[in-house]
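The values are calculated or read from the model by the stated rules, or taken from the named source; none is laboratory data. No experiment lies behind these values; they were computed from the predicted model shown. Glycine gets a Cβ as well: all are built from the backbone with ideal geometry, and neighbour counts include every protein chain shown. Just the protein is used for accessible areas: all its heavy atoms, side chains included, with ligands, DNA and RNA removed. Shrake-Rupley method; radii C 1.70, N 1.55, O 1.52, S 1.80 Å.
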Amino acid sequence: MQGRVLIPYLRDHGCRRTEQEIRAAYRSATMGSMTTDRFWSAVGLSREGRDADYCGRHQLNGGVREALAELGGDGLRLACLSNDTAVWSELVRRRFGLEAPVRRWFVSSDLRARKPDRAAYTTVIEALGVSPDEVVFVDDRPVNLVPARTLGMRTIVFLSDDTEANPVRCDQWQPRSVVRTMPELVAAIREFA
């Protein structure tokens, strides 16, 4: 999110920190090493009301609610592994009503591990009590598919702006499916089920 939402947000609010400084602070916050209040201070902005204001800029991809409802209706247990802060994750998922359809949320600031760190994936697998081959892992960053695939998960890449902005060699991530829309994602997951 830092490239598509956070950096424009910071620039709109007068942040003069370099992109490298912003990314370092963001990484620290999403690893749980600093609070969001400390993050806002680190990037030179006031903290009051900042979390909600920033999270209000996020947009939900079209068809997400419908896709989650369909997959949940199929009896699938839905979980999310996100590189985020606990505060921002909760604000965004509440705003979009995602807490009910997605039963388990694994946020990097709580895990103290970010995708593509293998520890993030193994923590999720252990917490869910499943074997990797029972998991269909979807991400828009190919680099995040590599450890999932290595662990034995089935993988799907959801093409987005982040896919192009974060390339990785195709022989490293080898998704089983590549999708562009929520209906395509639902169909691809159903093929695995």
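Structure values in brief
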{"quantity": "Failed condition for THR181, given (1) at pLDDT below 95; (2) farther than 23 Å from GLY63 by Cβ; (3) surrounded by fewer than 18 Cβ atoms within 10 Å (Cβ to Cβ)", "calculated": "(2)"}
{"quantity": "Matching residues, segment 1-32, being touching a Lys or Arg at 6+ places or on another chain (Cβ under 8 Å) and in a loop (DSSP other than H, G, I, E, B)", "calculated": "MET31, GLY32"}
{"quantity": "Number of positions in segment 67-95 that are farther than 19 Å from PHE192 by Cα and surrounded by fewer than 16 Cβ atoms within 10 Å (Cβ to Cβ)", "calculated": "2"}
{"quantity": "Complete set of residues in segment 130-145 that are among the hydrophobic types (A, V, I, L, M, F, W, C), farther than 12 Å from SER177 by Cα and either within 14 Å of the chain's Cα centre (by Cα) or open to solvent by 40 Å² or more (accessible area, probe 1.4 Å) (or both)", "calculated": "VAL143"}
{"quantity": "Test: residue in segment 47-58 that is part of a helix (DSSP H, G or I) and under 28 Å from PRO147 (Cβ atoms)", "calculated": "yes"}
{"quantity": "Residues that are free of Cβ contacts under 8 Å to residues at least 40 places away in the same chain and crowded, with 18+ Cβ neighbours inside 10 Å, drawn from segment 16-41", "calculated": "ILE22, ALA25, TYR26, MET34, TRP40"}
{"quantity": "Pick from segment 96-123, criterion small (Gly, Ala, Ser) and in a helix (DSSP H, G or I), ranking: most open to solvent (accessible area, probe 1.4 Å)", "calculated": "ALA119"}
{"quantity": "Every pair of residues 6+ apart whose Cβ atoms lie under 6 Å, when the first sits in segment 98-125 and is within 27 Å of GLN59 (Cβ to Cβ) while the second is open to solvent by less than 70 Å² (accessible area, probe 1.4 Å) and among the aromatic types (Phe, Trp, Tyr)", "calculated": "VAL124/PHE106"}
{"quantity": "Enumeration of residues in segment 124-152 that are outside any helix (DSSP H, G or I), among the aliphatic types (A, V, I, L, M) and closer than 16 Å to SER82 by Cβ", "calculated": "VAL135, VAL138"}
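The rows are residues; the columns are (1) farther than 20 Å from PRO8 by Cβ; (2) touching an Asp or Glu at 6+ places or on another chain (Cβ under 9 Å); (3) aliphatic (A, V, I, L, M).
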position	(1), (2), (3)
ASP37	yes, yes, no
GLU48	yes, no, no
ARG65	yes, no, no
ASP74	yes, no, no
LEU81	yes, yes, yes
